[in-house]
Structure formats: C-alpha cells, structure tokens
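A short reminder: the numbers here are calculations on the coordinates, not readings from a lab. Because the structure is a prediction, the values reported are computed rather than measured. Backbone-built Cβ (ideal geometry, glycine too); neighbour counts: all protein chains shown.
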Amino acid sequence: MTDVVIIGGGIAGIAACAQIAPHLKVTLLEAEPELCYHSSGRSAATFIEDYGNRVTKELNKESLTFLKSESQGFLKKRGLLLIGKYGEEKEFQTDAGDLGLAHISFDEAFQLLPSLKQEGITRQAYRPDVYDIDTNKLFEYYRKIALENGAQIRKKTKLIGAYLQNNKWKIKSSNGDLSASIMINAAGAWADQVAEFCGISKLNIIPYKRSIARMQAPKGVDVQNWPMLDGVGETWYAKPDAGNLIISPADKQMVSAHDAWADDATLAAGIQSFQGVVNFPINRMLSNWAGLRSFAPDENLVIGPDKNNSSFFWFAGQGGYGFQTAAAASQLLSDLLLEKNVSVDSEILEALLPGRF
Ligand SMILES: Cc1cc2nc3c(=O)[nH]c(=O)nc-3n(C[C@H](O)[C@H](O)[C@H](O)COP(=O)(O)OP(=O)(O)OC[C@H]3O[C@@H](n4cnc5c(N)ncnc54)[C@H](O)[C@@H]3O)c2cc1C
C-alpha cells in the first residue's frame, strides 16, 4: 500500500516524486527498463527564460532561481545568437522580441562565432543569459531525494489499467497489482492513454516529434564556447555538445506516442540550414535521435487534479520545456496535492489547472 502512485519515470515523474516523497509514501512506475528513456533522455538540455508562451515563461522564471543556486549549479552559460537572412526581417524582429534578444552588429556576432558566414546574413541578435542545463545532474538530484525519502521506483512496470474502489485506486500493472489513494499522470506522450486506462477523459495532449543530429566539428575549429545558434521562425538550431555540435531541424511532426527515431531527410534539412551560416563544411554525423514534445491544445502545461476526479493529478504537456520548468512545475504540483499555498498567481494557476478544458 502506498499513498501516491506516479506514472512515468522522466524528468516530470522524478521531480514530482522528489517533491512529494518527504511528505507521503510514493511509488513511481516506469514502463521501460530504464528511467529517462523517452523525451527526457533526448532533449537539447537548454534553458531559455523567454522560450514558450506567457504561462510557460512564468514557470521558467520561477525555476531559474533554483537552477542557478550555487549549491546546485545545474546551469552553464551558453548564450543565444539568432541569425536572420534576406527576406526574414519581419519574423526576425518578432523572434528577437519574444526571446528577449538584443540586436548586435555582424562584427559583434563574428566575435562570438568566428566561423560565421557574412554572405546572406542581414541581422543578428543575442542574449548572454541562456544556459546549458546539466540534465543528468538535475535528474540524479531529484532521484536521490526521492530515494532518500523512501520512494519506491519500479522499472519495467507499465500501468495497464486502474479503477477507484472505496476511494482507493486499484492499479493493474505489467508487474503486479498495487493500490494508492492518489494517482499522478506524468506519462509524457502517453498522458492521454494513461488517463483512459484509469477511466479519466483525455485532454488531447498531442506528441510532436523533434530530431537532432550530432555532428563532428571539423578539425581545428573549436566550437566549445560558441553560443547556441537559432534560425528565424524556430526552423533550426544548433549548439556545441562536448566539443562537437548538435543540430536540430526543429521539426514539429504530429505523431502518436511511440519510441521516436529520426529520419535522414529531416535531419538533412537542419544540417543544410546550419551549413548556410558557417564557413566550413560539416559532413560527419556521429549519432542522431528524436524525441516527443507533448502539448496540450493551448500549449500550457497541465498541472493539478482532474476536474471530475480529485484523486487523479495531471502533470503533463511539458512540450519543449520539461527541464527548464521542472523545478517550479513540480513544486506547484506538490503544493496542490498537499493543499499548501501556491507561489504562482491565480491567473497563472487557472491557466495551468486541468479544469480549464
Ligand atoms: C529533441 C528535443 C529537444 C528538447 N530540448 C529541450 C530543452 O532544451 N530544454 C527543455 O527544458 N526541454 C527540452 N525538451 C523537452 C523535454 O525533453 C520534455 O518536455 C521532457 O523530457 C518531458 O518529460 P516527461 O517526464 O513529461 O516525459 P518522458 O521523459 O517521455 O517520460 C514519460 C515516461 O512515462 C512512461 N510511461 C508512459 N506510459 C506509461 C505507463 N502506462 N506505465 C508506466 N510508465 C509509462 C514512459 O515510458 C516515459 O519514460 C526537448 C525535447 C525534445 C524531444
């Protein structure tokens, strides 16, 4: 018997587990043999405070203090350079405004990225306070707290059905039955499926595939301290990764929940865009992958009790922001579940609660 069952062992599930385990008996179920196997193992590990819609930006901001705090040190300064080409001037302006970037000259951009091609580039904008997130460290930080507080983590354990009996969830899993008073749905791309397994109406949380190629940096080009590069209209991005480069075509293909993989044509589009702004050829792919970014219809996260069943909590729709929002989002989930005061204002709370649908 446990108080709370969490479904999903990605960053959402493990952060929720760490927040709640000091207060209640928690068991986390993960279908895969390893934690962090799906989206959480496939991200670009970046923190951009002004990435996402208005509601997401509030969660980013709230998370930043925690991520920056000296004893944790989960962030490393990277910077973000937006590059505009002929014909993209209007969209460039919008992106620079949304992401909080300041216009800089070509020479200033060249200082940041000495391989920048001048030809075809008409605009540059930059902000220094964009960070790499040490996602492994963050995940392990939460896992350690969860375990130290007695949480049970069961891998290779897929929830396959659940029903309420006398105010207790009777849960059927691929690895035996259990029961709990509260269920938390942190199943990422499978959030709607998990809800339906529990007899709860789905919220139309849709997964979109996004791909990344890891490319070898050419000999003699030190990319280590480059900023992250962003194409206008979120059409591609690239950033250094352990001496090499990761390049994403920033694809947004609507799919059903599955173990995602990248296809060559999609990756090639991103590599070509990147190739258009640097003055060296890039051709050796070291590896590639794809993952699912899952969004609710309004693209806000979904945090809190289901509107028809207060013992079923949603912690879903993390989209492309699951790591950068994890601290604030899991705190909010835990405060709601433990019936404590929440730190976000009421308008933001309303925009996150499942009852908005
Ligand atoms: C290419 C890419 C780049 C990204 N870049 C960034 C970035 O730079 N910064 C950022 O903050 N975010 C980024 N993201 C988004 C981030 O990775 C996600 O928002 C986050 O990982 C979602 O975490 P999650 O725990 O909700 O989902 P997941 O990590 O997918 O975890 C859900 C888990 O639930 C399990 N599960 C599902 N059904 C069941 C069941 N029935 N029983 C038991 N377990 C079940 C699954 O096996 C899975 O492990 C990126 C995503 C992608 C794909």
* By how many nm would the segment from ALA265 to LEU286 grow when fully extended, if each residue of separation counts as 0.36 nm and the alpha-carbon distance is taken off? -> 5.9 nm
* Structure fact -> Only helices counted: for the chain, with every DSSP H run of 4 or more residues adding -39500 (n - 2.57) and the sum spread over all residues, [θ] at 222 nm is -8000 deg cm²/dmol
* Which residues' amide hydrogens lie under 5 Å from the amide hydrogen of THR122, considering only partners 5 or more residues apart or on another chain, with H built in the peptide plane? -> GLY84, LYS85, TYR86
* With axes computed from alpha carbons, what is the tilt in degrees of helix 11-20 against the longest principal axis of the chain, rounded to the nearest 10 within 0 to 90? -> 50 degrees
* Taking other Cβ within 10 Å of each residue's Cβ, how do ARG214, ARG54 sort, fewest first? -> ARG54, ARG214
* Structure fact -> Here the gain from full extension of LEU147 to ASP222, 0.36 nm per residue of separation minus their alpha-carbon distance, amounts to 23.0 nm
* To do: Could I have the simple spin-label model distance between ILE160 and GLN193, label points 7 Å from Cα toward Cβ, reported in nm to one decimal?
  => 1.4 nm
* With unit charges on the beta carbon (Lys/Arg positive, Asp/Glu negative), name the residue among VAL194, ILE83, TYR131 whose Cα is farthest towards the positive pole of the charge dipole of the chain. => VAL194
* How high is the relative contact order of the chain, in percent, counting Cα pairs under 8 Å that sit 6 or more residues apart? -> 22 percent
* In degrees from 0 to 90, rounded to the nearest 10, what is the angle of the helix 54-68 Cα long axis to the longest principal axis of the chain? -> 90 degrees
* Structure fact -> Rounded to 0.05, the calculated FRET efficiency for the beta carbons of ARG54 and GLU234 at R₀ = 22 Å is 0.85
* Asked: Using Cα pairs under 8 angstrom and six or more residues apart, how large is the relative contact order of segment 52-158, in percent?
  -> 33 percent
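Give the relative contact order (percent, whole number) for segment 204-357; include only Cα pairs under 8 Å separated by 6+ residues.
25 percent
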* To do: State to the nearest 20 debye the size of the charge dipole of the chain about its Cα centre, where the only charges are +1 on K and R beta carbons and -1 on D and E beta carbons.
  => 920 debye
* To do: Can you tell me how much longer the chain between THR65 and ASN204 gets when fully stretched, taken as 0.36 nm per residue apart minus their C-alpha distance, in nm with one decimal?
  => 46.9 nm
* What whole number of Å gives the distance from the Cα centroid of segment 260-298 to the Cα centroid of segment 138-204? -> 33 Å
* **Pairwise centroid distance, computed over Cα atoms, of segment 111-128 with segment 302-357, Å** => 39 Å
* Would you calculate the separation in nanometres between label points at ASP298 and THR122, each defined as 7 Å from the Cα along the Cα-to-beta-carbon direction? => 3.7 nm
* Using a simple spin-label model with points 7 Å from Cα along the Cα→Cβ vector, what separation in nm is obtained for ASP129 and GLU108? -> 1.6 nm
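Among DSSP bridges having both ends in the chain, what percentage is antiparallel? Round to the nearest 5.
Restricted to the chain, the bridges split so that about 70 percent are antiparallel.
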* **the chain: C-alpha gyration tensor shape, a/c 1.5 cut-off, then a/b vs b/c** => prolate
